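Note sheet for the following structure.
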Amino acid sequence: MANNPIVAAPMAGITNRSYRKFLRKFTDGLIFTEMVSVEGLKREINKTVDYIKLSKSDNPIIIQLFGYNEKSFSDAIKICEDYSKPFGFDINMGCPVKKVLKTGGGSNLLKDLKQVKKIFRYARKQTDKTLTAKIRLGWDKNSYVYKDILQLAHDEGLDGLIIHARTKSDMFSGDIDYLALENAAQLSTIPIIGNGNITDLSSYKKIMETGVKAAMIGRAIMHSPWIFKAIAENKNPEFLLDSKGIYSLLMELKEYEIEERGKNYLNILKKYAVFFSKNLPNAANFRKQIYSTSDEKEVLQLIENFFCNNPG
Ligand SMILES: Cc1cc2nc3c(=O)[nH]c(=O)nc-3n(C[C@H](O)[C@H](O)[C@H](O)COP(=O)(O)O)c2cc1C
């Protein structure tokens, strides 16, 4: 695995090509793509294939795949190899959203370990590159399966296991089970990457103290993408930049978004301007103002006024 112990999580709608380019300002560690459908790849649907087209700055990158059929996983990996040269592949076994559950994949796999074994085997046969799976602890508190999956991962030759230390029923709230991470780290001979609720230096340290080899950051990527740099410098993200520094970053992100989607960049820029304003004074008012207009000039002016004249 890569040397940097701080990893950027797969985030649908977030870790797309343009935002990943932006994230590379803050980390040289592993970044995961948004989840990509193995069935969509198999049928070479244009929109799905577009997800796996990588840019120069992307590596080391892991393409995350979701689906159910083992053969489709190996076909999808082959197609990825034809189109791009990623560092590795990851199997999504934690997603709780309906669209993914309907395919039989995502966290449904936590209830179908026979199928998990097949998927691991077919995927492993298809690639010598880094191969991981991203799981939750189990479907709910009464059905933890992370130890069984860890055993399968060992048996089938995976290179690492990412554990979001919650259950499917917890969705995105609920406590992180640090003890389970500690158990997994003790049992495992392959690297465990711990995931859940890392927002600052102390939550990062808390996960690393369980003995996991690396920590994966999810939602904080949206609000403070500079968290990677902050933690590497032993700082909390809210103290890394002043509001003018955040403004410069937003203008850089704007260029990446224009490159990727042309004139349709504005809504994305508004979204991140609101995300990045989170810890600054008058953020609520700024949010209201920015969502009340779609005029490009007005939006850009509001952003400049807010970040360049903000005392925060
Ligand atoms: C908007 C959003 C999109 C996500 N997309 C994915 C995804 O594509 N694949 C995946 O395995 N997990 C996905 N997740 C889960 C995150 O990768 C991560 O496991 C989860 O948010 C817990 O980490 P955190 O507490 O640091 O946010 C997503 C989460 C959010 C909030």
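Sorted by mean Cβ packing within 10 Å, highest first, what order do the peptides 183-190, 157-164, 69-76 take?
In decreasing order of mean packing, 183-190, 157-164, 69-76 become 157-164, 69-76, 183-190.
Could you check what % of the DSSP bridge pairs in segment 6-239 are antiparallel, to the nearest 5? Of those bridges, close to 5 percent are antiparallel. Of the cross-linked pairs LYS71/LYS129; LYS205/LYS229; LYS147/LYS229, those separated by over 21 Å at the C-alpha level are LYS147/LYS229. Computed from the Cβ-Cβ distance with R0 of 45 Å, the FRET efficiency linking ASP148 to LYS25 stands at 0.70. Shape call for segment 243-308 from the C-alpha gyration tensor, a ≥ b ≥ c root eigenvalues: rounded (a/c under 1.5), prolate (a/b greater than b/c) or oblate? Note, shape of segment 243-308 comes out oblate.
Taking a straight line from the alpha carbon of LYS111, these aspartates and glutamates sit under 17 Å away, with near neighbours fewer than eight places off in the same chain left out: GLU70, ASP140, ASP148, ASP170. To the nearest Å, what is the center-to-center distance of segment 256-280 and segment 92-134, using C-alpha atoms only? One Cα centre to the other: 32 Å. Applying 1/(1 + (r/R0)^6) with r as the Cβ-Cβ distance of ASN305 and LYS53 and R0 = 45 angstrom yields a FRET efficiency of 0.75.
Segment 161-215 to segment 25-39: how many Å between their Cα centroids? That distance is 19 Å. Over segment 243-308, Cα pairs under 8 Å with separation of 6+ residues give a relative contact order of 42 percent. What the Cβ-Cβ distance of LYS114 and ASP82 gives, at R0 = 35 Å and to the nearest 0.05, is a FRET efficiency of 0.75.
Of all aspartates and glutamates in the structure, those lying under 14 Å Cα to Cα from LYS270, and not within fewer than 8 positions of it along the same chain, are GLU252, GLU255, GLU257, ASP295, GLU296, GLU298, GLU304.
Just from its helices, what would the mean residue ellipticity at 222 nm be for the chain, if runs of 4 or more DSSP H residues each count -39500 (n - 2.57) and the sum is divided by every residue, rounded to the nearest 500 deg cm²/dmol? Mean residue ellipticity, 222 nm, calculated: -12500 deg cm²/dmol. Projected over all directions and averaged, the alpha-carbon convex hull of the chain occupies 15.5 nm². When a/c is below 1.5 the answer is rounded, else prolate if a/b is larger than b/c, else oblate, so apply that to segment 134-281 with a ≥ b ≥ c taken from the square roots of the Cα gyration tensor eigenvalues. Prolate, because a/c is 1.5 or more and a/b exceeds b/c.
In this structure, the pairs whose alpha-carbon distance is over 29 Å, taken from LYS102/LYS263; LYS99/LYS206; LYS56/LYS278; LYS53/LYS125; LYS21/LYS134; LYS244/LYS271, are LYS102/LYS263; LYS99/LYS206; LYS56/LYS278. Measuring nothing but how far apart in sequence close Cα pairs (under 8 Å, 6+ apart) lie, relative to its length, segment 6-239 scores a relative contact order of 16 percent.
No lab work stands behind these numbers, since they all come straight from the coordinates. Predicted model, so just to flag it, every value in this text is computed and none were measured. Cβ sites come from the backbone with ideal geometry, for glycine too, and all protein chains shown count toward neighbours.
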